Amino acid sequence: MLILQYVNRLFYISYLRFYSRFKPLYLFRLIFATCFCQDRAFGRLFSSPQNRESLKPCLFSTPIRYKCLLFFSSFLLISCQSTVRQNAHSVEAEINKLPTSFKRDVSNTNSPERRPCDIKQGSAVVLMYHKFDEPYKSTSVTMEQFIEQMEFFKNNGYKVVSLSKIVSAVKGHIPFGEKWIAITIDDAYKSFLKAKPILETYQYPYTMFVNTQAVDENYKSSMSWDDLKAIVQSGLGELAAHSHTHGHLVQDMNSEQRTRDILVSVERIFQNTSTMPRFFSYPFGEVSNNLIEEVKNMNQVLLGKPFYFEAAFSTQSGPVGCSSNLFSLPRFAINEKYGLIDDLFKIKVNSLHLPIYDYHPKNKAICVEQQINKVYFSTDPSIDLRNMRCYASRGNLASVDISDGLVTVSLEKPLGHGLSNPNDIRERLNCTAYYKGRYIWYGREFTILKNSPECSK
Ligand SMILES: [Zn+2]
């Protein structure tokens with residue numbers, strides 16, 4: 001009995017569903033049957049051969065039947081339209097029932113300023129080394145420090161990956177992995193030959209950014225082309241471009257001169273090692289928006305091979321993440337001062353990328369005459385940044401104000417204040433905030449110029 005009730009209920013539900021979906025069709029069938037059910041032609045279609053002859057003549061004459069059909073067809077058309085309209089209204093009503101946060105997310109996805117980037121998408125840290133075991137504390141690390149760092153990565157679950165893996169994650173092709181670290185070395189100093197066997201012992205991949213004039217002219221401090229070829233042959237190291245002359249590309253060269261300077265370094269690496277560089281790092285980390293665009297658009301055939309840069313690296317601190325500019329990626333500088341495995345080192349290698357939607361000033365090269373003493377950036381308002389602190393170069397005091405995801409950093413003195421050395425033209429701003437057991441780290445670096453067309457926009 002229960003089964004029968006269940007089957008009956010199932011049948012009833014199916015009937016209701018069918019009726020609600022095909023209501024106009026059902027009505028039409030009723031109307032059609034009223035007009036034509038007694039018709040012989042219609043009856044023949046649905047009756048068994050035995051019953052055909054017993055069909056009664058139609059109630060209405062032929063002209064009335066067709067008028068009736070025309071009238072009810074119009075009725076059917078109108079009811080179809082009203083059903084479609086009703087459905088549209090109900091979809092709209094469903095959307096209005098959604099929580100407001102969801103609706104805001106949908107609109108953000110369509111906004112050009114707001115890339116779909118979330119802090120949960122993860123980060124990776126790129127380290128920048130220069131010299132090894134040399135008496136320059138600001139650019140060199142001791143061998144003890146270097147070995148200790150490699151051992152720290154091995155024993156604490158860090159994964160040393162290639163730059164191309166990190167670049168693929170920034171592009172969104174693959175997700176960021178947990179505790180990803182990349183090792184880069186700038187300037188191709190000879191002292192790297194002390195670190196090379198250590199990297200080989202740990203089987204850690206690395207990228208060497210080469211300023212080629214120093215190699216071509218056999219500078220005493222520089223590696224030779226044979227040394228660089230051995231890096232490629234080891235299967236662990238990759239060569240990348242760092243310009244030919246290692247000059248101040250923004251301050252001292254125009255667009256044409258620096259493009260040539262960068263392309264010469266690419267050609268020299270290819271001619272000497274048969275590998276085409278895929279990445280670039282800006283000498284001294286000095287960039288302007290124009291230079292970034294030029295590096296991004298260097299698509300051409302070089303020495304019979306198609307060539308373009310996949311990404312470029314600057315020297316501002318911070319982890320790489322989904323909102324990073326692919327042609328101005330951050331790196332943490334590692335030297336003797338910051339080479340100890342202390343709290344600061346652990347904070348850096350474990351730092352989190354902050355999604356940035358917009359920032360001011362837009363240009364990374366600014367004129368000292370602009371007297372900029374406020375820096376803004378906007379981020380996800382749901383990230384609690386109340387404990388954010390910002391630090392500027394040369395002790396310039398920075399106060400932070402946060403309102404609905406907009407962070408305003410007010411500087412006591414304008415950017416570029418107190419720069420006396422004509423070759424030291426960089427100004428740094430680092431902002432950190434404690435977040436769920438780790439630190440968010442957002443770094444900006446400005447190239448400070450005087451009366452230059454580079455900084456006018
Ligand atoms: Zn360099």
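Bear in mind these aren't lab numbers, they're just calculated from the coordinates by the rules spelled out. The shown structure was predicted, so the numbers you read here are calculated from the model rather than taken from an experiment. Because the Cβ atoms are built from the backbone with ideal geometry, glycine has one as well, and the counts that use them run over all protein chains shown.
Computed quantities for the displayed model
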{"quantity": "Neighbourhood net charge (10 Å Cβ-Cβ; Lys/Arg +1, Asp/Glu -1) for Ile341", "calculated": "-3"}
{"quantity": "Per-peptide average of other Cβ atoms within 10 Å, ordering 177-187, 403-413 highest first", "calculated": "177-187, 403-413"}
{"quantity": "Relative packing of peptides 197-204, 232-239, 285-292 - highest average C-beta neighbours within 10 Å first", "calculated": "285-292, 232-239, 197-204"}
{"quantity": "Under 5 Å, built H, 5+ apart or other chain: amide partners of Leu352", "calculated": "Tyr439, Ile440, Trp441"}
{"quantity": "Long pairs among Lys165/Lys346; Lys131/Lys450; Lys296/Lys337; Lys137/Lys220, criterion Cα-Cα beyond 26 Å", "calculated": "Lys131/Lys450; Lys296/Lys337"}
{"quantity": "Built amide H within the under 5 Å cut-off of Val160, gap 5+", "calculated": "Ile181"}
{"quantity": "Least to most buried among Met143, Met388, Met298 (fewest other Cβ within 10 Å first)", "calculated": "Met143, Met298, Met388"}
{"quantity": "Length-normalised contact order of the range 354-457 in % [C-alpha pairs under 8 Å, at least 6 apart]", "calculated": "33 percent"}
